[in-house]
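Novice: The structure's right below; bear with me while I get my questions together.
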């Protein structure tokens, strides 16, 4: 973060944005500034400041950028007193001796100080203000690249702008536990915004299903710098998510107007890059289930702590989320407990308006009736079979609903080869539903891998292959029509192998 008076912004049509730096235009300026600091190693801070003031004069109206970068650079520098004597103790000693009215009195007092501190009067003179910043010596500059400094500067500008935020809203993909832990630690007030239809449409793009709103200091009682700083401190934790977006209302003090501010992980703004988040598990049971489910070929994607769910005046972050073709289902693992914790957990789950399965440790004093929805009990490991069964039931329910609707949809295809994914998207149904529809109602098209292929095209390919052909020649024929070996089964062929290598393709009837 930077002092508020070093904030540089653009304002246009009710929107505000910091003047961010980038590698293309600002790299050499930042590099020059770092070199100036390194060149002044072993010299007094006063001399460094004089050089920086010269650079600021060269940049004119952009002096705040130089001063802001310098402020951040000072934070990676090490300074030390220019004397081994304590300047503070010397000043206190001299102050206790009273006023000095002439050179004779001054020389006498400095001699007394020299005797007291076992130093010469000249050493006392030099050490008197040695502990003050201007007289300190630049001992060293910790390694930092121009690109890294640019990123830190841009982050600091963002945080400084948010000092005066009336409210801050954000969406994140992942890192929920850490973000909410920080919200609590920083003493921030929040609420979960209800989703609108437009927000649902953009759910994937924004990287989160829910928008979390942090109420700013001006909206509570009165503006306080402490609360604004707390909001700013939350920003790096939001940016640690894979995807994130921030929106804020900023009361800009210089013209006393309110502006909109927006920033997302997709914007072309260099910002600090945080290491890939490591999956964190509360127990070995959860970690084992996660790894075992990922090894299954269910078509469902599993995510750890995938989102924030509003439940009354509380939030719940489910342990797992399952996603497939627009479907989503959650699972909460209840393994740890105290009577108070368990009571609160059950209340939250009952009031969560989402599709959620609860995996409950058998050692807890719980019954299935205590929870709403599906409940799976476990001992030492969460069983996969009942979870997969629940997910299959959810998928089957969606397919049946879509099948009822598909009866009213006219499926027309003129091309000989169509991508299954594209056609399903065009019809607004899942790939599984389209596969089943083609199998039941449309006999002149087949699903071949990830493609829909016309019977007419398969007959044409079949006529070129004949009853038997070398596998290499068959591959060339299939490639010509954009097909793979998966089409052979639909045409009634079988591959004959020679060891580990396919030798030829023959009609099944010929065997």
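Novice: Mind checking whether some residue in segment 163-184 is more than 30 Å from residue 303 (Cβ to Cβ) and in a helix (DSSP H, G or I)?
Specialist: There is at least one residue in segment 163-184 that is more than 30 Å from residue 303 (Cβ to Cβ) and in a helix (DSSP H, G or I).
Novice: A further question follows. In this structure, is residue 508 surrounded by fewer than 15 Cβ atoms within 10 Å (Cβ to Cβ) and either within 30 Å of residue 327 (Cβ to Cβ) or modelled with pLDDT of 80 or more (or both)? Quick ask: steps written out before the conclusion?
Specialist: Details: surrounded by fewer than 15 Cβ atoms within 10 Å (Cβ to Cβ): yes; either within 30 Å of residue 327 (Cβ to Cβ) or modelled with pLDDT of 80 or more (or both): yes.
Against the criterion (surrounded by fewer than 15 Cβ atoms within 10 Å (Cβ to Cβ) and either within 30 Å of residue 327 (Cβ to Cβ) or modelled with pLDDT of 80 or more (or both)), residue 508 qualifies.
Novice: Have a look at 33, 21 and point out the one that is in a loop (DSSP other than H, G, I, E, B), under 17 Å from residue 64 (Cα atoms) and out of contact with any strand residue (DSSP E or B) (no Cβ under 8 Å at 6 or more places or on another chain). Reasoning before the result, please.
Specialist: Numbers: 33 fails: in a loop (DSSP other than H, G, I, E, B).
After applying the criteria, what remains is 21.
Novice: Here are 186, 149, 138: which of them is in contact with a helix residue (DSSP H, G or I) (Cβ under 7 Å, 6 or more places away or on another chain) and closer than 16 Å to residue 214 by Cα? Give the derivation first.
Specialist: Working: 149 fails: closer than 16 Å to residue 214 by Cα; 138 fails: closer than 16 Å to residue 214 by Cα.
After applying the criteria, what remains is 186.
Novice: Can you tell me which residue within segment 37-76, out of those that are touching a residue at least 24 places away in the same chain (Cβ under 8 Å) and outside any helix (DSSP H, G or I), is surrounded by the most Cβ atoms within 10 Å (Cβ to Cβ)?
Specialist: Taking the candidates together, the pick is 40.
Novice: If we only count strands (runs of 3 or more DSSP E) wholly inside segment 307-417, which ones have 1 or more residues that are under 33 Å from the mean Cα position of the chain (by Cα) and closer than 18 Å to residue 289 by Cβ?
Specialist: Details: elements: 309-311, 314-316, 320-324, 327-334, 356-361, 375-378.
It comes to 320-324, 327-334, 356-361, 375-378.
Novice: Residue 90: assigned by TED's automatic domain parsing to the domain that holds residue 159, in a helix (DSSP H, G or I), touching a residue at least 24 places away in the same chain (Cβ under 8 Å) and surrounded by 14 or more Cβ atoms within 10 Å (Cβ to Cβ), yes or no?
Specialist: Details: assigned by TED's automatic domain parsing to the domain that holds residue 159: no; in a helix (DSSP H, G or I): yes; touching a residue at least 24 places away in the same chain (Cβ under 8 Å): yes; surrounded by 14 or more Cβ atoms within 10 Å (Cβ to Cβ): yes.
Spelling it out, it is not the case that residue 90 is assigned by TED's automatic domain parsing to the domain that holds residue 159, in a helix (DSSP H, G or I), touching a residue at least 24 places away in the same chain (Cβ under 8 Å) and surrounded by 14 or more Cβ atoms within 10 Å (Cβ to Cβ).
Novice: What about residue 495, is it loosely packed, with under 15 Cβ neighbours inside 10 Å, farther than 30 Å from residue 300 by Cα and at pLDDT 85 or above?
Specialist: Working: loosely packed, with under 15 Cβ neighbours inside 10 Å: yes; farther than 30 Å from residue 300 by Cα: yes; at pLDDT 85 or above: yes.
Taking the combined requirement at face value, the residue satisfies it.
Novice: Taking residue 282 as meeting all but one of (1) without any contact (Cβ under 8 Å) to a residue 40 or more places away in the chain; (2) farther than 26 Å from residue 398 by Cα; (3) touching a strand residue (DSSP E or B) at 6+ places or on another chain (Cβ under 9 Å); (4) in a loop (DSSP other than H, G, I, E, B), write down the number of the exception.
Specialist: The single condition residue 282 does not satisfy is (1).
Novice: Moving on. Looking at segment 424-464, which of its residues are in contact with a strand residue (DSSP E or B) (Cβ under 6 Å, 6 or more places away or on another chain) and part of a helix (DSSP H, G or I)?
Specialist: Kept after step one, since they are in contact with a strand residue (DSSP E or B) (Cβ under 6 Å, 6 or more places away or on another chain), are these residues of segment 424-464: 435, 438, 445-446, 451-454.
Correct list: 435, 438.
Novice: Just to be sure before I move on: is residue 423 surrounded by 18 or more Cβ atoms within 10 Å (Cβ to Cβ), under 43 Å from the mean Cα position of the chain (by Cα) and either farther than 30 Å from residue 334 by Cα or in contact (Cβ under 8 Å) with a residue 60 or more places away in the chain (or both) in the structure I sent?
Specialist: yes
So that you can scan it fast, the table gives a plain yes or no per residue for (1) more than 25 Å from residue 326 (Cβ to Cβ); (2) modelled with pLDDT under 85:
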site	(1), (2)
410	no, yes
414	yes, yes
425	no, yes
430	no, yes
435	no, yes
452	no, no
457	yes, no
462	yes, no
469	yes, no
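Novice: Just one of the numbered conditions (1) more than 16 Å from residue 72 (Cβ to Cβ); (2) assigned to a helix (DSSP H, G or I); (3) in contact (Cβ under 8 Å) with a residue 12 or more places away in the chain is not true of residue 11; which one?
Specialist: (2)
Novice: Out of all the residues in segment 453-483, which are surrounded by 13 or more Cβ atoms within 10 Å (Cβ to Cβ), in contact (Cβ under 8 Å) with a residue 24 or more places away in the chain, under 24 Å from residue 412 (Cα atoms) and within 48 Å of the chain's Cα centre (by Cα)?
Specialist: 453, 454, 457, 458, 481, 483
The values are calculated or read from the model by the stated rules, or taken from the named source; none is laboratory data. All figures in this text were calculated on a predicted structure; none of them were measured in a lab. Counting neighbours? That spans all protein chains shown, and the Cβs are built from the backbone with ideal geometry, glycine included.
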